[in-house]
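J.: I'd like to ask you about the structure that follows.
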Amino acid sequence: MDYAVRVSHYLDPATFELSRDVILLLVGGHVAEVITGGEVSGGLDGLAMQTLDLGDAACLPGFVNAHCHLDLSHLHRQVPRGLAFTDWARAIISGRQLPEPIIQAGIDDACSMLAATGTTAVLDISVSGDSAPALARHGIRGVLGLEVLGEPSRAMQHCDEVIRARFELDTERLGSDAGDAAAPAALPGIEYGYSPHAPYSTGAELYQLAYGRAFGEGRVCTTHVAETRDELQFIGDGSGPFRDLLAGLGVDLSSFTGYGETPITLLLRDWLGPWLPQGAPGVGAGDPSLQPQADAMGSLSLVLVHANYPQGQDLQWIERTKPTICWCPRSHAYFGHEPWPLREYFDTGANLVLGTDSLASNDGLDMWGEMQAAVQAHPGAPRNELLRMATVNGRKALGLPTDIADLAIWELPPGFQNLELEKLLNLWVGQHPRLVASFSRGQLIARAI
């Protein structure tokens, strides 16, 4: 065994029930055994190579930050507040031009913030894979959604260049085009996926290339969608602030008059329909040859980020295709969006997760802060459901099994001896607990002194 860890309370990620007096045996990145009652002859001695008796503490699944932009961390508190979204986007584009050492320092600081606040895995949107070394160095499990936008063939070519430089020489898929350099050294716990940026910046062909590849390779595909009402306007009829933003970036919009549809329905029904579960009755259907595979795997590997403004048939298409949907509560509040439709999305049965977005629109990366903001926006939201969104639902979106040893262990309030999870979360959402220790892939990545 790699570790034997004793805690007073343990939250089972499969049942979401608390147990008392637990010893966890961690081996090979998994929770190999859970011994309840805590009574083992001789205590922890001899159970594992390393032992930790953490006393009155609760072990929860580690947080999964399902949407962040670590390569924007250097812009923390550098962008004026109160900007319209398109003006904020212009500032972000300019901020990406700062020297590489500044960007890398921001990424490293952000990874320290993640590890110190109980996050054990992230889905990071990355232009060039720059966060991979820092995540590996801090021991955090990472899936990098490689951002693609622009002309389809050039965008995917850039994506392949990043994969060859950061991850692997994919000779099986690319053949001689993979190059002849030595393959990069594998970074433990770091994988990649694909991230077509958004429907307003990325057309159907690129979405289909990126998601088709993700589907075929069993990888995550994530995208921003329906983030602002201005986006709805531009996708609908081609007008508004997004037209001015894109025209200023040199995009030829002379013949674009919109799609006459909402961004979510456009994406789920029209652009990605062939790979998703079959469409709603009477509305359309995906490619029948792909349906058995699509129905078997569902749409969990498709992560829709923000989805702040569902309209028309959007909820029906979400209910039918069951994607993962990521809410970033503090970033949502930063932009002054209308209330996020939490109850409506619960009712669709979609896999709901939480993220932080970037430090260019958030003051922190801690997931307790996101849960607190979620409660402020929706006071009646069940705390245990928010915790699921921040932990096991994120695992599901990344295709991670329930028995992985990605754990965050938190100090309990004085005198807490019961098994009422909701009561405990009510305390912790209001006042963040102290992190005692955390594990990612079975390795200790943070420990309180």
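J.: At 7 Å along Cα-to-Cβ for each site, give me the label-to-label distance between E151 and N384 in nm.
T.: Calculated label separation equals 5.5 nm.
J.: Taking only DSSP H segments of four or more residues, each worth -39500 (n - 2.57), what value at 222 nm results for the chain once the sum is divided by all its residues, to the nearest 500 deg cm²/dmol?
T.: It lands at -9500 deg cm²/dmol.
J.: Please get the size of the charge dipole for region 63-398, origin at its Cα centre, with Cβ charges of +1 on Lys and Arg and -1 on Asp and Glu, quoted in debye to the nearest 20.
T.: 740
J.: Out of the GluC sites (Glu not before Pro) in region 386-449, which ones are loop residues according to DSSP with at most 16 other C-beta atoms within 10 Å?
T.: Of the GluC sites (Glu not before Pro), the ones in loops of region 386-449 whose Cβ has at most 16 other Cβ atoms within 10 Å are E420.
J.: Related question: Quick check: the distance between the Cα centres of region 68-117 and region 411-449, to the nearest angstrom?
T.: Value for the Cα centre distance between the two parts: 29 Å.
J.: Once you sort the root eigenvalues of the Cα gyration tensor of region 329-449 as a ≥ b ≥ c, which label holds: rounded (a/c under 1.5), prolate (a/b larger than b/c) or oblate (the other case)?
T.: rounded
J.: If you don't mind, there's one more thing I want to ask. How large is the Kirkwood hydrodynamic radius of region 69-109, in angstrom, based on all distinct alpha carbon pairs?
T.: This gives a value of 10.5 Å.
J.: Would you mind computing the Rg to Rh ratio of the chain from its alpha-carbon coordinates, Kirkwood style for Rh?
T.: Ratio value, two decimals: 0.97.
J.: Take the chain, mark every one of the trypsin sites (Lys or Arg not before Pro) that falls in a DSSP loop and has at most 11 other Cβ within 10 Å, then report the longest stretch left between them, sites excluded.
T.: Result, exposed sites excluded: 82-433.
J.: On to the next question. Do you know the relative contact order of the chain, to the nearest whole percent, from alpha carbon pairs under 8 angstrom that are 6+ apart?
T.: 19
J.: Loop-only check: which GluC sites (Glu not before Pro) in region 1-71 are DSSP coil with at most 11 other Cβ within 10 angstrom?
T.: Within region 1-71, the qualifying GluC sites (Glu not before Pro) (loop, at most 11 other Cβ atoms within 10 Å) are E17, E39.
Where a number appears in this text, it was derived from the coordinates with a stated rule and is not lab data. These numbers come from a predicted model, not from an experiment. Virtual Cβ from ideal backbone geometry, glycine too; neighbours counted across all protein chains shown.
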